[in-house]
1. Restricting attention to helices (runs of 4 or more DSSP H) lying wholly within the stretch 393-482, give those where 3 or more residues are surrounded by 15 or more Cβ atoms within 10 Å (Cβ to Cβ).
2. I want to confirm something. Restricting to the stretch 444-482 and keeping residues that are out of contact with any strand residue (DSSP E or B) (no Cβ under 8 Å at 6 or more places or on another chain) and farther than 28 Å from Ala80 by Cα, which single residue is modelled with the lowest pLDDT?
3. In the stretch 95-154, what count of residues is obtained for those that are charged (D, E, K, R), under 30 Å from Asn306 (Cβ atoms) and touching a residue at least 60 places away in the same chain (Cβ under 8 Å)?
4. Of all residues in the stretch 366-383 being hydrophobic (A, V, I, L, M, F, W, C) and crowded, with 16+ Cβ neighbours inside 10 Å, which is farthest from Trp433 (Cα to Cα)?
5. Could you tell me which residue of the stretch 223-272 is modelled with the highest pLDDT, considering only residues that are surrounded by fewer than 17 Cβ atoms within 10 Å (Cβ to Cβ) and among the hydroxyl-bearing types (Ser, Thr, Tyr)?
6. Inside the stretch 76-130, can you point out the residues that are hydrophobic (A, V, I, L, M, F, W, C), under 18 Å from Gly45 (Cβ atoms) and either outside any helix (DSSP H, G or I) or at pLDDT 95 or above (or both)?
7. On the given criteria, is Asp150 surrounded by fewer than 17 Cβ atoms within 10 Å (Cβ to Cβ), farther than 17 Å from Ala200 by Cβ and at pLDDT 90 or above?
8. Scan (1) under 21 Å from Leu457 (Cβ atoms); (2) crowded, with 16+ Cβ neighbours inside 10 Å for the single condition Arg114 breaks and write down its number.
Amino acid sequence: MIKNAKAAVLTAGILLVNVIASLSVLSAKTRSVNTDNDVVLTVAGKQVTLAEFEYSYRKNRSHGEAIATDDFERHLAGLADYKRKVAEAEAEGLDTMPRFRNEFYEYKKEMAWRYLRDDAFIDSIARVAYSHLLESIDVCHIMLPLLPFDEQRQRADSIRCALAGGADFAALATIYSIDASSKDVGGSLGRVSAGMYPLAFENAAYDMAEGEISGPVRSPFGWHIIKLEGRRRAETAIPTFDELRNDIDAMLERNGVFQEAYVRGLSRLKARYASPGGKVIDESEVLSAAMDSLTENVPEYAGLINEFYDGTLLYEISQRKVWRDPFADREAVESYFAAHSNDFKWAEPRFKGYVVFASDSLTIAGVESYLASVSDVADELKADSLKALFGRGIKVERVICRKGESPVVDAVAFGGDPYRSPDKWSHYTAYGWRILNAPEEAADAGSEFVKAYSRHLEDEWSARLAKKYPAKINKKILKRIK
């Protein structure tokens with residue numbers, strides 16, 4: 001059924017609102033039909049077309065990547081590495097994981113909104129909203145609970161009849177309104193301007209004549225009977241519609257107008273494709289067909305979708321292979337540190353050791369007594385034993401820092417004044433500490449080592465992948481865009 005829906009979408013020429021406009025602004029090269037001659041790169045059996053390469057190259061340059069205009073080969077090598085990692089993620093089945101598949105589908109759907117939605121509807125609402133900026137209104141209302149409309153109609157009609165018969169609006173608001181902020185002031189909301197209240201309420205109020213009382217108007221907060229007290233022209237100059245369009249669109253999106261525009265666009269698409277008996281196909285089938293059509297016919301959409309697909313898989317596989325636990329192989333970590341120790345020098349000496357904190361002197365005395373009795377035990381094991389012995393009565397911290405970074409360390413090792421913490425950890429002692437002029441192991445070098453070693457792991461991984469997935473590069477085609 002999806003295949004049939006897709007065919008119907010394509011044959012009916014339903015590329016939806018905005019698609020033609022999007023196509024008109026794309027470059028001729030990007031719109032070109034892909035042939036074998038358009039393939040710039042092949043990795044793991046997958047082809048990278050000239051359009052995809054162009055998209056990637058120009059996007060990276062626009063984001064500040066330092067690539068000279070004639071350095072296409074270097075960017076292509078980076079793209080090949082990128083595609084190899086995506087291929088490895090697919091080989092490990094990450095693209096079949098339910099979480100990834102759900103995220104990818106939701107992203108495709110979200111990106112399709114801009115093409116599926118009824119932009120003419122959005123524009124008309126936006127212009128109405130802009131017109132409201134040109135004046136403010138004085139409004140009163142009586143808000144009733146969000147019961148089904150039929151159940152509210154009798155009460156609302158009774159209130160309107162009473163008002164038509166001369167009942168005082170303010171008195172009825174005090175009795176019936178559930179809006180605690182306005183009922184005690186006769187239902188008055190004071191001066192109202194665009195964007196202050198839900199769109200349905202705002203539109204109804206602005207459409208009324210002075211002194212008019214509305215029928216029931218539904219908002220997310222309740223049913224409203226509105227009275228327009230008066231209008232006032234804006235006292236300051238209002239920017240143009242185009243200047244405020246982004247702000248207006250943000251307001252409309254908060255009010256659900258964009259969602260309504262999407263529903264309208266999808267409904268129109270469903271109505272265009274109905275079976276001979278008049279039965280409309282399932283919405284999910286229409287949506288899938290529409291997304292497939294966009295992927296095939298709108299390079300901008302296809303580029304965004306491919307970018308999300310590849311980028312998400314790259315992140316997942318990189319986390320597993322490099323970033324999640326770069327210190328897993330301790331022997332390899334220390335070997336790398338030994339070979340590159342000169343890259344992690346310090347400008348000034350640092351304290352390295354353990355600091356134990358307690359809330360009272362008796363506990364600290366116990367800690368010091370224990371430490372004196374286990375002088376031949378490794379420092380790490382001492383920390384574990386202390387935690388087991390004293391529990392929550394202490395906290396143990398492994399510290400590496402310079403003079404001036406910790407008042408406790410300054411007091412212990414750098415001749416600083418005795419320190420008294422304002423919190424419960426007011427007593428402390430240190431053990432196993434010394435002053436180092438340079439890191440003596442990988443962990444001492446901190447985040448700089450983590451970054452360098454992670455890059456090293458990634459380089460090694462990339463080299464392995466280059467052998468596993470050789471890249472076929474069509475260098476001749478690059479001349480077409482140089």
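The values are calculated or read from the model by the stated rules, or taken from the named source; none is laboratory data. All of these numbers come straight from a predicted model, not from anything done at the bench. We place every Cβ from the backbone using ideal geometry, glycine too, and count neighbours over all the protein chains shown.
1. By residue number, 407-413, 446-468.
2. Filtering first and then ranking leaves Ser447.
3. Qualifying residue count for the region: 8.
4. Val367
5. Step by step, filter the stretch 223-272, then rank; the result is Thr240.
6. Val86, Ala87, Ala89, Ala91, Leu94
7. Here the answer is no, as Asp150 does not meet what is asked.
8. Going through the list (1) under 21 Å from Leu457 (Cβ atoms); (2) crowded, with 16+ Cβ neighbours inside 10 Å, Arg114 breaks only (1).
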